[in-house]
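To keep things clear, I will list the structure first and then write my remarks on it.
The values are calculated or read from the model by the stated rules, or taken from the named source; none is laboratory data. Quantities reported herein were computed from a predicted structural model and do not represent experimental measurements. Cβ placement follows ideal geometry from the backbone for every residue including glycine, while neighbour counts extend to all protein chains displayed.
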Amino acid sequence: MDRRAPLSSKYIVILAAIVGVISGLGAFIFYFLLELSTKFFLSGLDSFNPPLAGGETEIIKGDFHLGILPLPLVVALGGLLSGIVVYRFAPEAEGHGTDAVIRSFHRMRGVIRARVPIVKTVASAITIGSGGSAGREGPIAQIGAGFGSFIAEVLKLSDKDRRTLIICGVAGGIGSIFRSPFGGGMFGIEVLYRRDNEVEAIVPAFVSSIVAFIFFDVMMSYVAGTPFGMLPIFKIPQITIHSPLEFLIYAVVSVLATFFGILYIKTFYSIHALFKRLKIHPYFKPAIGGLLTGVIGIFLPGVLGMGYGYVQLAIDGKLALSVILLLIIGKILATSFTVSSGGSGGVFAPSIVIGSMIGAFIGYLFNYLFPEIVVQPEAFVLIGMSAFIAAVAKTPIAAILMVLEMCGGYALLPALMIAATLSYYLSGDYSIYSEQVANRAESPAHRMEMSIDVLQNVKVEDAMVPAEKLVTVSPYQKVSEVLELIEKTGHIGFPVVREGRLVGVVTFEDVERVPIEERDVKRVRDIMTRDLIVTYPDETLEDALIKLVEKGIGRLPVVDRNDERRLLGMITRSDIMKAHARAVARLAA
């Protein structure tokens, strides 16, 4: 167990800023490589130029068009190359990446191999740039977290500090590449849990996110010539809420977002299981996924790559309702084929596209049916985006903030809050991130902090029931008498004592195994456990708990180390839980 003392908050904030700088730089490099890959694979090999969102900027000017490969083969080639890079150098970089970060936080002490950010950057740029249906969130989260873990390893920080720095890496990466410093900070602390957040890391996460955002902005303005203070990713008109009746339609969006969110999650993991069962080399699985995505892309180009340009088209009212509906299903399938097959890319950008199309479908449909109520259907694109992200990612606050920062529709804040909150609760515990745990109490990281540390500091003698307060039985008593004692006292186990000496333990399970007609004949000595597992008064509660768990029993006799037949007391799991609660209460006081 890690016994290094955590750093003070002052030093953590300094390190968070450093992680922010590195994450911002990593985000810029990834942005550049992604654009380069898109121009080579989609524009070059297939002559397909995906549309850009209104606020997105090209770094690389100019295109070349060879058109020598059909689209499905281009996407399959990208999947193959990505598979080779990932499975050859860092298999943990496969898939969408965010789950790997969450798993590292909860179960691996925050350790991420130093090579992972580099492998993830290259593999994800190839996957998305070649047309794979994936996003930038997973890769940049794993890239930023990897940098945070590397810094912690170099400085030999405690596990607690390492975990904080990987949260900072996630926040910095998300905040910069999505141009959402507030939302990025919240995403970093929310995404670890389905019903909780890592509130202790909120200040370092915000520091890292804003520093990364500024650094990324500076790099973009210097290299791409954009003015400092970048525009939001999506351009939207001036929008507002026109009628109280619109809130009822927001609820419809939330219900549909929940339905399609659960469908998305089930489809994603069903296809993931299917690819896991395929008896072929892992290199080729992303290629097959890419081929299937490319086939869908022939008929629905909007499923290729991140698809932000098609969100912009939906905002601008340039997509037919039939295309919008097909994009919802097509994007779910394409993302599942791309990422579940082992391709390297995130699931957040596809969630943005799917949610946007759900909102667009409802908005433009109700605008046609009730134009006096739904005056600005484009506003529903943002509503759907927020609702869907909250449903599938379990990050409701980040969903609201990121949509606001990516789009700028601050007048819709009440609508976004209602839609995101409703879909978050309607979707229950379904999550696209399988490594999320419900709350801090269920996190292995915090179970160690909250339980074992406390239990190590409390002795058995401080929590046991002393011998003079115990109800004991004699080995010569009838089994029926023990049953009566169980009913009278509520206890389900008793030490068996003869002439003041411990000779065994008898439990309700022992009594139950005796046939009813024999309970007045059988004696305690006939059914008691003689080979006892014991603990000692100077052992810690951690030692006692380990014995209980390993042996699958509910109570331990406490005996003298020098005379194990001398009964000093009894300790149960319930006693340990009570002692733990008292110790935690004292710490919190």
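None of Ile112, Ile118, Ile84, Ile128 is touching a Lys or Arg at 6+ places or on another chain (Cβ under 8 Å), in the same structural domain as Ser208 (by TED's automatic domain parsing) and of a type in the set (Val, Ile, Thr) except Ile128. Looking across segment 68-118, the residues that are under 21 Å from Ile271 (Cβ atoms), small (Gly, Ala, Ser) and touching a Gly at 6+ places or on another chain (Cβ under 7 Å) come down to Ala76, Gly78, Gly79, Ser82, Gly83, Gly95, Gly97.
When each of Gly289, Gly302 is tested for being more than 19 Å from Glu94 (Cβ to Cβ), among the small types (Gly, Ala, Ser) and either crowded, with 24+ Cβ neighbours inside 10 Å or at pLDDT 95 or above (or both), the lone residue that passes is Gly302. Across segment 23-50, the qualifying residues are those that are modelled with pLDDT of 90 or more and surrounded by fewer than 17 Cβ atoms within 10 Å (Cβ to Cβ), and the one among them that is farthest from the chain's Cα centre (by Cα) is Leu36. A single entry from Val374, Val381 fulfils the requirement of being of a type outside the set (Ser, Thr, Tyr), surrounded by fewer than 24 Cβ atoms within 10 Å (Cβ to Cβ) and closer than 19 Å to Ile239 by Cα: Val374. Of the candidates Ser270, Ser243, the single residue that is surrounded by fewer than 22 Cβ atoms within 10 Å (Cβ to Cβ), within 24 Å of Ile432 (Cα to Cα) and among the polar types (S, T, N, Q) is Ser270.
For the structure I just gave you, tell me whether Arg163 is assigned by TED's automatic domain parsing to the domain that holds Ser344, buried (at least 24 other Cβ atoms within 10 Å of the Cβ) and among the basic types (Lys, Arg). Criteria met by Arg163.
Here segment 66-101 is the region considered, the condition is being assigned to a loop (DSSP other than H, G, I, E, B) and within 24 Å of the chain's Cα centre (by Cα), and the residue that is farthest from Ile432 (Cα to Cα) is Ala90. Here are Val559, Val534, Val514: which of them is of a type outside the set (Asp, Glu), closer than 23 Å to Leu455 by Cα, crowded, with 16+ Cβ neighbours inside 10 Å and touching a Lys or Arg at 6+ places or on another chain (Cβ under 7 Å)? Being of a type outside the set (Asp, Glu), closer than 23 Å to Leu455 by Cα, crowded, with 16+ Cβ neighbours inside 10 Å and touching a Lys or Arg at 6+ places or on another chain (Cβ under 7 Å) holds for just one of Val559, Val534, Val514, which is Val559. What's the number of the only condition in (1) in contact with a Phe, Trp or Tyr (Cβ under 8 Å, 6 or more places away or on another chain); (2) under 18 Å from Phe48 (Cβ atoms); (3) small (Gly, Ala, Ser) that Gly317 fails to meet? Failed condition: (2). Say whether the condition of being in contact with a Pro (Cβ under 7 Å, 6 or more places away or on another chain), surrounded by 14 or more Cβ atoms within 10 Å (Cβ to Cβ) and in the same structural domain as Leu263 (by TED's automatic domain parsing) is met by at least one residue in segment 464-473. No: zero hits. Restricted to segment 234-255, and to residues there that are part of a helix (DSSP H, G or I) and small (Gly, Ala, Ser), the residue that is nearest to the chain's Cα centre (by Cα) is Ser254.
Going through Ile59, Ile112, Ile128 one at a time, which residue ends up being surrounded by 24 or more Cβ atoms within 10 Å (Cβ to Cβ), of a type in the set (Val, Ile, Thr) and outside any helix (DSSP H, G or I)?
Step by step, each of Ile59, Ile112, Ile128 is checked, and only Ile112 is surrounded by 24 or more Cβ atoms within 10 Å (Cβ to Cβ), of a type in the set (Val, Ile, Thr) and outside any helix (DSSP H, G or I).
The single condition among (1) within 22 Å of Val460 (Cα to Cα); (2) touching a helix residue (DSSP H, G or I) at 6+ places or on another chain (Cβ under 9 Å) that Val524 does not meet is (1).
Within segment 419-431, one or more residues are under 23 Å from Ala141 (Cα atoms), of a type in the set (A, V, I, L, M, F, W, C) and touching a helix residue (DSSP H, G or I) at 6+ places or on another chain (Cβ under 6 Å).
Scanning for something outside any helix (DSSP H, G or I), touching a residue at least 60 places away in the same chain (Cβ under 8 Å) and within 21 Å of Gly409 (Cα to Cα), does segment 316-326 turn up at least one residue? Yes, segment 316-326 contains at least one residue that is outside any helix (DSSP H, G or I), touching a residue at least 60 places away in the same chain (Cβ under 8 Å) and within 21 Å of Gly409 (Cα to Cα). A residue that is assigned by TED's automatic domain parsing to the domain that holds Gly309, in contact with a Cys (Cβ under 9 Å, 6 or more places away or on another chain), within 18 Å of Leu15 (Cβ to Cβ) and among the hydroxyl-bearing types (Ser, Thr, Tyr) occurs somewhere in segment 209-224. Looking at segment 342-447, the helices (runs of 4 or more DSSP H) lying wholly inside it that each contain 3 or more residues that are of a type outside the set (D, E, K, R) and farther than 19 Å from Asn197 by Cβ sit at 348-369, 379-393, 413-426. Just to check your reading of the model, which residue among Gly144, Gly138, Gly83 is touching a Cys at 6+ places or on another chain (Cβ under 9 Å) and touching a residue at least 12 places away in the same chain (Cβ under 8 Å)? Going through Gly144, Gly138, Gly83 in turn, the sole match is Gly144. Please verify whether segment 395-414 includes one or more residues that are of a type in the set (Asp, Glu), within 21 Å of the chain's Cα centre (by Cα), at pLDDT below 95 and farther than 16 Å from Leu256 by Cα. The answer is no; no qualifying residue exists.
For (1) among the aliphatic types (A, V, I, L, M); (2) out of contact with any strand residue (DSSP E or B) (no Cβ under 8 Å at 6 or more places or on another chain), each residue gets a yes or a no:
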{"position": "Val374", "(1), (2)": "yes, yes"}
{"position": "Phe388", "(1), (2)": "no, yes"}
{"position": "Ala391", "(1), (2)": "yes, yes"}
{"position": "Ala398", "(1), (2)": "yes, yes"}
{"position": "Gly409", "(1), (2)": "no, yes"}
{"position": "Gly428", "(1), (2)": "no, yes"}
{"position": "Val454", "(1), (2)": "yes, yes"}
{"position": "Leu470", "(1), (2)": "yes, no"}
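Check whether at least one residue in segment 13-20 is without any contact (Cβ under 8 Å) to a residue 40 or more places away in the chain, assigned to a helix (DSSP H, G or I) and in the same structural domain as Gly110 (by TED's automatic domain parsing), and report yes or no. Looking for residues that are without any contact (Cβ under 8 Å) to a residue 40 or more places away in the chain, assigned to a helix (DSSP H, G or I) and in the same structural domain as Gly110 (by TED's automatic domain parsing), one finds at least one in segment 13-20, hence yes.
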